[in-house]
Amino acid sequence: MKNTFIILWGPGPAWVPGKTVREQPYWDQHAAFMDPLFGNGMVVLGGPFADATGSLVVVEAENEHEVTALFAQDPFLVGHPTIE
């Protein structure tokens, strides 16, 4: 049975102030990482907040370990947001 998880990201120390999320380092690699997760239905919804203070991702997975292990591989997390 799948469970629903919500990931909240906020800017980390490497965030470049004044740039949009798509202008941040590792954006292209992050998008390439996320596209298949949207495609296979694991990520149900996700994107940045309109005020650029963070992002939200809704994930369907078996357990929390699966989610944290997967998203620990997200290139965008290198020096950027933190998972709460």
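Quick notes on this one:
- Selection from the stretch 36-84 of residues that are of a type in the set (D, E, K, R), modelled with pLDDT of 95 or more and not in a strand (DSSP E or B): 62, 64, 66
- In the stretch 1-35, residue farthest from the chain's Cα centre (by Cα) [restricted to those that are more than 15 Å from residue 74 (Cβ to Cβ) and in a helix (DSSP H, G or I)]: 23
- Taking the criterion of being of a type in the set (Asp, Glu) and touching a helix residue (DSSP H, G or I) at 6+ places or on another chain (Cβ under 6 Å), the only residue of the stretch 33-81 that qualifies is 74.
The values are calculated or read from the model by the stated rules, or taken from the named source; none is laboratory data. As the structure is a prediction and not an experimental result, all values here were calculated from the model. No Cβ is skipped: glycine too gets one built from the backbone with ideal geometry, and neighbour counts run over all protein chains shown.
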